[in-house]
Amino acid sequence: MGKAVSCKDIGYECMFTACAETEAELFEKTLEHGRVVHGMKEFSPDFYNKVLSSIREEYCDLEDELCKYEGCCC
Ligand SMILES: [Zn+2]
């Protein structure tokens with residue numbers, strides 16, 4: 001079992017789902033995605049809270065990790 005968070009749960013029209021073993025790793029992936037795909041430069045405490053409350057327990061199939069790079073969504 002891993003942890004997953006979907007970009008659309010944080011409020012974007014986006015198919016990206018980040019998945020990781022730990023919360024810390026999940027945050028890293030989510031922030032990276034925000035920077036690369038959504039051009040976010042800073043992350044507010046609000047954003048962190050949104051991510052935190054959107055995290056769900058899910059089986060982590062890394063093959064399912066979609067939309068990692070710029071231009072593949074949105
Ligand atoms: Zn996204």
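Tabulated data
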{"quantity": "Along each principal axis, Cα extent of region 2-64, largest first, Å", "calculated": "29, 20, 18"}
{"quantity": "About the Cα centre, charge dipole magnitude for region 2-64 (Lys/Arg +1, Asp/Glu -1 at Cβ), debye", "calculated": "300 debye"}
{"quantity": "Separation in nanometres of the label points that stand 7 Å from Cα toward Cβ, at residue 32 and residue 12", "calculated": "1.4 nm"}
{"quantity": "Cut-off under 5 Å, modelled amide H: who pairs with residue 58 long-range", "calculated": "2, 3, 4"}
{"quantity": "Extension gain (nm, one decimal) between residue 46 and residue 58, 0.36 nm per residue minus Cα-Cα", "calculated": "2.0 nm"}
{"quantity": "Protection proxy ranking, peptides 16-25, 39-48, 3-12, average beta carbon neighbours within 10 Å, highest first", "calculated": "3-12, 16-25, 39-48"}
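Throughout, read-outs are computed from the coordinates displayed, never taken from laboratory work. The structure displayed is predicted, hence computed values, not measured ones. A quick note on method: Cβ atoms are made from the backbone with ideal geometry, for glycine too, and the neighbour counts reach across all protein chains shown.
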